[in-house]
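One structure below.
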């Protein structure tokens, strides 16, 4: 049978984002310090933009919260559980946290992602992954949790994660040290099969420096094993994200929650720290008409970009406030009684209430903070999965369970630490939720709490 090539016309729908839409999404996702930098950069290069400086508020007017007792805080960086008095003057007592952030690493990864693809679905998943990469360069959320929050398949997240793991710096996006080193080996030394074999299949021996065992298993000399160790020591970075160090910065809450007299809560947008950008008519219409055609086009482009930026800022404010209001409405128990009353909540829950896509919620909460009666928290903190309660129609959030695990461990007999099985029994009794021992172990590890044997050894 003769084969031949032929063209077959096909109709296909394809989503393409305009430059204005891309700019709007970028502005929505930027944390406040990065947005301030972006606005100042835009006003420097666009003559139709001008910053209206605010002289009424300065860093000296702000009360800084000092972390006096790190023992009382939940171990993740995005949570600070200091109680606040939010009834005082909005400006003079507005709470502030000092934490370390690394926007440059995330900006670097976002730039590489956008150079790699224009596919909206891949961009959506990729940006969510990058938002969850910590200072060390590691992925801080599980693929399963990301897939659930984005309402996509686990396989899709895995594929996009592979793309990000191919970016600079080598090793970024890894889920653990083994994967971090293996990624670097495949990028930096793709033809060194012994190195890749050692990290892939003999990692435990490598970590424990069992060099004789490695030599025997790989059928190489001890000298060759030593050379591999030297290669790793001189060329590999266990914390690739630290190549982008940032000094500690003031993190101002983007939203503030206040309790009303009737016990309800109101949410206010805090934008005093952002420079106000306004449109200025640098050239009159008469002056523009006198310009050559090329310069007219440039002036038109500047003006449209300026208008688009201002619209994007207003959209960011509106979206952030609406998301904050829905979070507070859904988490009223937390506002009154703290983390143990946090309810399960997903991006999808809030997206459906606001009539937007889940990726909009993901972008909106990235790097944003809220001051509540219970302390300053990153918005990401409020999104957590849940387990079915014995009480009909009720669920208990994973965060509430983690908080209880922390309380149980803090109150245990230090000489006889509780096993994960015993902790599971106590959780079941107190929260009326069935939880497996391995789930307790998983949450305990996420809280960076050692197992019972290690806790006992530490106390000795």
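No lab work stands behind these numbers, since they all come straight from the coordinates. What you are looking at is a predicted structure, and each value in this text was computed from that prediction instead of being measured. Using ideal geometry, Cβ is built from the backbone for each residue, glycine included, and neighbour counts are taken over all protein chains shown.
General observations
- Kirkwood Rh and Cα Rg combined as Rg over Rh, evaluated for the range 162-219: 1.02
- Separation in nanometres of the label points that stand 7 Å from Cα toward Cβ, at residue 356 and residue 209: 5.3
- Here is the tail figure for the range 102-245: Cα pairs spaced more than 17 Å apart come to 62 percent of all pairs.
- As a proxy for reagent exposure, ranking 349, 262 by other Cβ atoms within 10 Å from fewest up yields 262, 349.
- The slack between residue 52 and residue 196, meaning 0.36 nm per residue of separation minus the straight C-alpha distance, is 46.2 nm.
- Neighbour counts of C-beta atoms inside 10 Å place 439, 117 in the sequence 117, 439, starting with the fewest.
- Potential extension, residue 224-residue 269 segment - 0.36 nm per residue separation minus Cα distance: 10.1 nm
- Treating each Cα of the range 309-455 as one equal point scatterer and applying the Debye formula with no solvent, the log10 of I(q)/I(0) at q = 0.12 Å⁻¹ comes out as -0.58.
- Rg to Rh quotient for the range 117-177, alpha carbon positions, Kirkwood Rh: 0.93
- For a label point 7 Å along the Cα-to-beta-carbon line of residue 281, residues of the range 299-315 with backbone N under 18 Å: 299-308
- Here the gap between residue 175 and residue 410, fully extended at 0.36 nm per residue and compared with their Cα-Cα distance, gives a gain of 81.8 nm.
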